[in-house]
Amino acid sequence: MKILIIQTAYPGDVILSTALAESVHHHLPDARIDFAVRKGNESLFRNHPFVKKVHVWNKKENKIANLVSLIRQIRKEKYDEVFNLQRFFSSGLITLFSGGKSTSGFVKNPLSFFFTHRHPHLIGNGEHETSRNHQLIKHLAIDEKSKPRLYPSDNDFESVKKYTAMPYVCMAPASVWFTKQLPAVKWAELVQLLKGRFKVYLIGGKEDDKLAEEIRSMTKSETINLTGKLSFLQSAALMKGAVMNYVNDSAPLYLASAVNAPVTVFFLSTVPEFGFGPLSDNSKIVSAHPAPSCRPCGLHGMKACPQKHFNCAMQIQINESYLP
């Protein structure tokens, strides 16, 4: 059996989609499992033990032409099962023209009426996104709901070994959305609390360097800025060995979950009940108490606080209860 999983959104969404692959592989170990992702996320599957092929869509350049090319590549594979985890028109097109013998997706996708199997995608009832995704494989009689998982290689662990000699914590201070990102002043307070107890590493993409340096300038500490210096899998390897990882409601949260690393996550304008909470065995959720009446103000976060006070972030008190 040949299976394709479509998830061309952000890295965090792709990481969560690996839970579906884990369940399918566990019950159908001989099945070939491939992915379709946006350019930049293919590195998540480097040296993966059972994901055989990753189709890549470059959405930033020649978006439509590259989408057509992607669909042609997929059609050649003649998949038996196509699972579309997104609810957007473009992923619906990929599914519709995939040539898959059986296609599955969510009712919210505008082209879902063409799918073989359609399922609801309900947010706000406390169900985790990984559970919602698992609806798509019900017709395969797979009841298990695996957790997401990534596979850093020995080389990934070796590349971060120089940082692991002393007990350390990782902080991933950035988010794509302003209202999901704990302010720099709060991260600086956390660094000061941890100072002298643990080595502190700031991690993230190269675009997060400015924020990391702002935090460093506030703390005058031995904090080490690793933003832009590690790949996804190297970051996961570093997080796995940390005493604690501090993150926003963003992709690094799922990196931690995918290697079962300890994690403390700050929920600001969003809430865990949306279904994107931590899945690590050792996890803690932090939010403002009492919660501002305007929270949550949106599902995905916003570019600015609609009320202009950002109390869901500024009212979070950094204290010793957050220590590992």
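The values are calculated or read from the model by the stated rules, or taken from the named source; none is laboratory data. What you see is a predicted model; the values in this text were computed from it and never measured. All Cβ positions, even for glycine, are placed from backbone atoms using ideal geometry, and neighbour counts span all protein chains on display. To get the accessible areas, we keep the full protein, side chains included, count just its heavy atoms, and leave off ligands, DNA and RNA. Shrake-Rupley method; radii C 1.70, N 1.55, O 1.52, S 1.80 Å.
Structure summary
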item	result
Residue match in the range 150-160 (condition: open to solvent by 10 Å² or more (accessible area, probe 1.4 Å), touching a Ser or Thr at 6+ places or on another chain (Cβ under 6 Å) and in contact (Cβ under 8 Å) with a residue 12 or more places away in the chain)	no
Residue match in the range 208-221 (condition: modelled with pLDDT of 95 or more, in a loop (DSSP other than H, G, I, E, B) and open to solvent by less than 40 Å² (accessible area, probe 1.4 Å))	no
Residue match in the range 71-80 (condition: over 19 Å from the mean Cα position of the chain (by Cα), farther than 25 Å from Ala141 by Cβ, among the hydrophobic types (A, V, I, L, M, F, W, C) and modelled with pLDDT of 95 or more)	yes
1 or more residues loosely packed, with under 15 Cβ neighbours inside 10 Å and of a type in the set (Lys, Arg): qualifying strands (runs of 3 or more DSSP E) within the range 241-324	none
Count - residues of the range 203-226 that are farther than 13 Å from Ser175 by Cα and not charged (D, E, K, R)	9
Enumeration of residues in the range 1-30 that are open to solvent by 10 Å² or more (accessible area, probe 1.4 Å) and either hydrophobic (A, V, I, L, M, F, W, C) or in a helix (DSSP H, G or I) (or both)	Met1, Ala9, Pro11, Asp13, Glu22, His25, His26, His27, Leu28
Helices (runs of 4 or more DSSP H) completely within the range 31-149 that count 2 or more residues being free of Cβ contacts under 8 Å to residues at least 40 places away in the same chain, open to solvent by 60 Å² or more (accessible area, probe 1.4 Å) and out of contact with any Phe, Trp or Tyr (no Cβ under 6 Å at 6 or more places or on another chain)	63-77
